[in-house]
Amino acid sequence: MNNTFRLSLTFGLVASALLISVLIHLTVPYSGGWTLIQRTLFAYDTSNYQELIVHMTYLPRLTIALICGFSLAIAGCVMQFVLRNPIAAPTTLGVASGAQLGMVAGVLFLPAGLALPSFIPAFLGAAFSSLLVFWIAAKKGFAPIHLVLSGMVISLFIGAINTMLMLVYERYLSSVFIWGAGALNQNSWESVHRLLPLLCVPLAGLFLMQRPLSALILGDSVSNTIGVNVKRIKLIALTLVIFVTAVVVSEVGIIGFIGIVAPGITRLLGVRHLNAQILISGMIGALMLLLADQLTQPISAATGDLLPTGAMTALLGAPFLLWLLNRQTWPSQLRATEDTVPDWRHRRFIPLFITLLIVLVLTSLAALWVGKDPQGWNLLINENIVNLRLPRILGALFAGVGLAIAGTLVQRLTNNPMASPEVLGISSGAALTLVICALLGLSINRYEQIMLGTLGALAVTGVIWWLGKKHRFAPAQLLLTGIALSAGLDAIMRIVMSSGQEDVSSLLTWLSGSTYLVSYQDAAILGVGVMIFGTMAILLHRWLDLIALGEVSANSVGLNSLMVRRVLILLIAALTTLCTAIIGPLTFIGLLAPHMARSLSQNTAKKQLITACLLGALVMVIADWVGRVLWFPWQFPAGLLSSLLGGAYFLYLMRK
Amino acid sequence: MLLYGANSPSTTHSMFQLNNAAFTVSSHTILHPTNITFEKGVVTTLLGHNGCGKSTLMKLLSRQNQASHGQVLLENQAVSQLKQKDFALKVAYLPQHPPITDGITVKELVRFGRYPWKGAFGRYTDQDNNLVTQAIEKVGLENYQDRFVATLSGGERQRAWVAMLLAQQSECILLDEPTSALDISHQHELLALIRELNQSLGLTVIMVLHDINMAAKFSDHLIALHSGKVIAQGKPKDIMKVDVLKQIYGMDLALFAHPTSGHPISYIP
C-alpha cells in the first residue's frame, strides 16, 4: 500500500468528518444549528418545544445511525475475517433478507397478543437464511465467490418469498415496505435503549474473541494444531455476527454496504491487527451511516417523502464497492475445490429430447384449455379463451427458452454453476428504469415500457463491459461486478418503491414477473428475438465447450478467449433484456434450467443448451398455469412462482 | 502416416528464438534478457530450481505473458503478431495443472484439438475423426474413449490431454512439468511416449522437468536457468557434470555410471 494513497484516504476521512459536522449544523430542526444541540445537551428545557423536538427526534436519530453503522461494520469485518472473504457481509450473504423474512412472518403469523420482542423472529429468520447459505457453500469448501453467489441466490429466493407474502397480505404489510428499506426516523429514545444492551453484549463478545479469531488466519488445519478449536470459534463468531445483524435489521431494516465497505476502507488504510481492524471498521461504519443519514435528511425534507437511509448507503456504497473490486485482482481461472468423485453418466440425447418436447406440447395445450371459473375446474376449447390465454403462454414459453439459454451461457462463461443472468444485474437495470419513470410520474404505455426497460438493461451491460475491460472479462471479476451492481440497483429500487406512489406500487406485479400483460405482439417480438439469439448460441456451441476449459487451455487450442467472452456477454445481455422487458426481472429459470439439463446428464454445450431450452419453457408454462389457477380469481405472477419452484429445486440440487 | 502429414515442410531449423527477451513485473526482473534458440524436431528440457524463471520462459513461449523487452520469434515471426488460431496450429500447450473438465469424455476432449483446423462452424470430416481415434490410440486410451475425463486416474488424465495435443497436429508442444502429478512409473510412461512421438513424428518438444535424471534420459538438449538467467545449455552429457550441476542446483551432487547404459546418473552423496 503506497503512502500517498493512504494519506489521501485519511484526508478523505477527515474531510467527511468535517462535512458531517457541517451537515449536522444544517439539518438540525428549526435551523438551530449546533447552538440548539448544545442547548439541548447541556441546558435541556422541556418547556421549549424546539429543544424537545431535538431531544426526542433529532438526537436519537443521530445516535441510532452511529450505533447501527458501528455494529454493521463490525459484523461485516468479523464475517470477512472468519470466512476469509473480502466481500462477505450480512447483506451479501442473505442474512439481512432472512431477518426481513423473519419479521414479515412474525407480523403475519404470530398471535397479536404475544408480546415478543421483534428481534427474536428476525434473528430466527436470519439464522435460517445463513444456515441455508452455509449449507450450500460448505459443499464447495466455502470458496469465496461460491459463498457470495449462494448468498445472492438465497437472497433472491427469500426476496421472492417476501414479495409473495406482500402480494397476498397486502393490507397488513404496507408498513414493511418502508421499514424494509432502512428508515432511521425516531420519535423517542426507546429504540436506543432497546438496541444498546442487545448490541453491547455480542460486540463485547467479539472483542474478547479476537485472539483465537486472529489464529484463524493461519488456515483451519494449522489453527487446529496450535490448540484453537476452529469450528467452535467460527460458529460462535458467526452466531454473534448474525445476532447483531438481526437486531439491527429488526430495528431499522436492511442497511446495505456498510458491512462491506467499512472493513474494506480499513484494510486499505493498512490496518493489520484484527483488534484494530474491528475497532476502526466500526468507527468508519458509524461515520458512513451518519453521513448517509445526514445526506438523506435534506432530500427527505425537500421532497416530503420518507426516504430511507438504507437506500442512500446503497447509492454511496455500490460505486465504492465496484471501485474496490476493480482494485483487487481475482484469479481468472476458478478451480472447484471439490474432491468427491463425480457420478457422471451417459444418457442418450434423442429420446430425452423427444420426451421433453412431447411433455412441453401436452403441458402447453393443457395450460391453454384447462382453467378455473367460479364454479370450479373447467375444460374450454373456444376461440375467445384461446385468444386470452395463448399470448401469455407463448410469452412464458419463449421467456423460459431465452432465460435458459442466457443462463447456460452465463454458467459456461463464468465456469460457475451458481451464476445466472439475474446475478449480473442486467434485469435489475431494466427494472430500475421503469420504476424511476413511474416515480417521475410519467405514465407510460406497454411499448414505451419495453423500450425503456431495454435502455436500462443496455446501460447496465455498458457498465459491466466498461468495468470488465480492465480484467479482460475474467469470469470471477465479471460475477463480482454483477453482484455489486445488482445489489446496488436493488437498493435504489427499494428507495423508490418505498415512496409508496400508486404508479410505482402497480409495477410490483410486473417486477415479480407477470405474464398477463403479454399481447400477441409482445410474444412475437420475444419469440423472434429468442429464436435469433438462441440459434446463434447453439451455433457457437464449440466456443461454449472450449471456454469452460479456462483461458490457458482454450487459447492453446486456438480460441480467442477475449473475443469469445465479448460475444457471449453481448448474447447474454440481449437475451436477458428481451425476456426482462416482456415478463419482468424475477425468475430463476436462468439458474435452474442449465442445472436440470446437467442433472439429466446433458453435459456438452449443444445438448445442454437444447435440453435447458425445453426445460425452461416447461417450467415457465407450468408456473404460468399454476399462477393462474392456484389463487383464483387472483393471479400469482409466473416469474414469482417459478422463482419459488426454482429456488426450492435448486436448494435440493445443490446438496444432492 | 496421417498424423503430422498435413503440415507444410519447414523452411527454418529453429522453432522458437528468443532475441534479448526479458520479463519484468513492476521493476522486478524475473527473466533477464535472454538469447536462446529451440531447434525443430528436438526435445528440449528446461531445468533449474523453483523461481529460476523456467515457468516464465514457458509462459513467454506459450504467449500467456508478453516479453517486456526483446522479442520471441516463432519461425522468424514475432509470436505476438500471430492470430490465436494460427499460433495454435504451430504450438500446443499443456499447463502444469490441466483444468477440471466437468462432464467431458475422453473423446470429446481429444476432439477439441481439432478446433484450430475447423473453427466454430467447420464440419468434422472422416479425416478429423480418424485423427482423433489415432491420437487416442497413440496414448493407449482406446478402451477409455467414452469415459469421463474427471473419472480417470492422474496418469490417464494426463495422457488424455496429451492426446488432445496430438489431435491438434501442431509442430511443437510445450509441456509445463507434465510429470509433477504422476508416480514414478507413470512419469516414465509419459516421457517415453513423448520421446517416441518426437522420434516417430519429428515433433518438437519443449518441457520443464524437475528430475535431472529423467531430463537427461529423455532429452536431446538441456537448458539450465538460475535467477532468471541461462547458466548452462548443451547435450545431456555436457550438463551431467559435477561442477555444472552444482551451479544449477546450488548443492553438491555426485554422479555414477548407469550399470547397463553407462549414462551418468546423479545422486545426493
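Some notes on this structure:
- B:Arg114 being under 20 Å from the mean Cα position of the chain (by Cα), of a type in the set (D, E, K, R) and surrounded by 15 or more Cβ atoms within 10 Å (Cβ to Cβ): yes
- Yes/no for A:Arg566 being charged (D, E, K, R), away from chain B (no Cβ under 13 Å) and in a helix (DSSP H, G or I): yes
A quick yes/no check of all residues on (1) surrounded by fewer than 21 Cβ atoms within 10 Å (Cβ to Cβ); (2) farther than 19 Å from A:Leu568 by Cα:
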{"position": "A:Gly402", "(1), (2)": "no, no"}
{"position": "A:Leu409", "(1), (2)": "no, no"}
{"position": "A:Asn415", "(1), (2)": "no, no"}
{"position": "A:Ala431", "(1), (2)": "no, yes"}
{"position": "A:Leu439", "(1), (2)": "yes, yes"}
{"position": "A:Arg446", "(1), (2)": "yes, yes"}
{"position": "A:Ile464", "(1), (2)": "no, no"}
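- Residue match in segment B:70-84 (condition: more than 19 Å from B:Thr37 (Cβ to Cβ) and within 9 Å of chain A (Cβ to nearest Cβ)): yes
- Complete set of residues in segment B:82-103 that are surrounded by fewer than 22 Cβ atoms within 10 Å (Cβ to Cβ) and either of a type in the set (Ser, Thr, Tyr) or farther than 20 Å from B:Thr204 by Cβ (or both): B:Lys83, B:His97, B:Pro98, B:Pro99, B:Ile100, B:Asp102, B:Gly103
- In segment B:207-230, the condition of being closer than 20 Å to B:Met15 by Cα, modelled with pLDDT under 90 and polar (S, T, N, Q) is met by no residue.
Residues are listed down the side, and each one gets a yes or a no for (1) part of a strand (DSSP E or B); (2) loosely packed, with under 15 Cβ neighbours inside 10 Å:
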| residue | (1), (2) |
| --- | --- |
| B:Met207 | yes, no |
| B:Asn213 | no, no |
| B:Lys217 | no, no |
| B:Leu222 | yes, no |
| B:Ile248 | no, no |
| B:Met251 | no, yes |
| B:Pro259 | no, yes |
| B:Ile265 | yes, no |
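- Segment A:618-645 - residue that is within 17 Å of A:Leu167 (Cα to Cα) and among the aromatic types (Phe, Trp, Tyr) and, of those, nearest to the chain's Cα centre (by Cα): A:Phe636
- Here B:Ser153 fulfils each of the conditions (1) at pLDDT below 90; (2) within 14 Å of another protein chain (Cβ to nearest Cβ); (3) within 30 Å of B:Asn20 (Cβ to Cβ) apart from (3).
Residues checked against (1) outside the structural domain of A:Thr313 (by TED's automatic domain parsing); (2) modelled with pLDDT under 80; (3) loosely packed, with under 14 Cβ neighbours inside 10 Å:
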| residue | (1), (2), (3) |
| --- | --- |
| A:Ser8 | no, yes, yes |
| A:Phe11 | no, no, yes |
| A:Val14 | no, no, yes |
| A:Phe70 | no, no, no |
| A:Ala73 | no, no, no |
| A:Cys77 | no, no, no |
| A:Val82 | no, no, no |
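- Filtered by the rule that a residue be more than 28 Å from A:Gly529 (Cβ to Cβ), surrounded by 12 or more Cβ atoms within 10 Å (Cβ to Cβ) and among the hydrophobic types (A, V, I, L, M, F, W, C), segment A:343-397 gives A:Trp344, A:Val370, A:Leu380.
Here is a yes/no grid of residues against (1) of a type in the set (Lys, Arg); (2) touching a residue at least 60 places away in the same chain (Cβ under 8 Å); (3) assigned to a helix (DSSP H, G or I):
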residue	(1), (2), (3)
A:Thr454	no, yes, yes
A:Ala459	no, no, yes
A:Trp466	no, no, yes
A:Phe473	no, yes, no
A:Leu485	no, yes, yes
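- Annotation note: of A:Ile284, A:Ile236, the sole residue that is part of a helix (DSSP H, G or I), in contact (Cβ under 8 Å) with a residue 40 or more places away in the chain, of a type in the set (A, V, I, L, M, F, W, C) and at negative phi is A:Ile284.
- Filter result for B:Leu174 (in contact (Cβ under 8 Å) with a residue 60 or more places away in the chain, within 17 Å of B:Phe16 (Cα to Cα), outside any loop (DSSP other than H, G, I, E, B) and more than 8 Å from every other protein chain (Cβ to nearest Cβ)): yes
- Output for segment A:528-557, where each listed residue is more than 19 Å from A:Asn416 (Cα to Cα), more than 11 Å from chain B (Cβ to nearest Cβ) and surrounded by 19 or more Cβ atoms within 10 Å (Cβ to Cβ): A:Gly529, A:Val530, A:Phe533, A:Gly534
Here's the yes/no breakdown for (1) assigned to a helix (DSSP H, G or I); (2) more than 19 Å from A:Ser191 (Cβ to Cβ); (3) free of Cβ contacts under 8 Å to residues at least 12 places away in the same chain:
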site: A:Leu7; (1), (2), (3): yes, yes, yes
site: A:Leu23; (1), (2), (3): yes, yes, no
site: A:Tyr44; (1), (2), (3): no, yes, yes
site: A:Met56; (1), (2), (3): yes, no, no
site: A:Ile67; (1), (2), (3): yes, no, no
site: A:Phe81; (1), (2), (3): yes, yes, no
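- Segment A:512-527 - residue that is part of a helix (DSSP H, G or I) and closer than 20 Å to A:Ile572 by Cα and, of those, nearest to the other protein chains (Cβ to nearest Cβ): A:Gly527
- Answer from B:Arg159, B:Arg195 - the residue that is touching a strand residue (DSSP E or B) at 6+ places or on another chain (Cβ under 9 Å), away from every other protein chain (no Cβ under 14 Å) and in a helix (DSSP H, G or I): B:Arg195
- Here A:Pro633 fulfils each of the conditions (1) in contact with a Pro (Cβ under 8 Å, 6 or more places away or on another chain); (2) in a helix (DSSP H, G or I); (3) not hydroxyl-bearing (Ser, Thr, Tyr) apart from (2).
- Residue in segment A:587-600 that is modelled with pLDDT under 80, surrounded by 24 or more Cβ atoms within 10 Å (Cβ to Cβ), in contact with a Phe, Trp or Tyr (Cβ under 9 Å, 6 or more places away or on another chain) and away from chain B (no Cβ under 14 Å) present: yes
- Subset of segment B:97-128 that is within 9 Å of chain A (Cβ to nearest Cβ) and among the acidic types (Asp, Glu) - its residue that is farthest from B:Gln168 (Cα to Cα): B:Asp102
The values are calculated or read from the model by the stated rules, or taken from the named source; none is laboratory data. Keep in mind it's a predicted model, so treat the numbers as computed, not measured. Neighbour counts run over all protein chains shown; Cβ positions are idealised from the backbone, glycine included.
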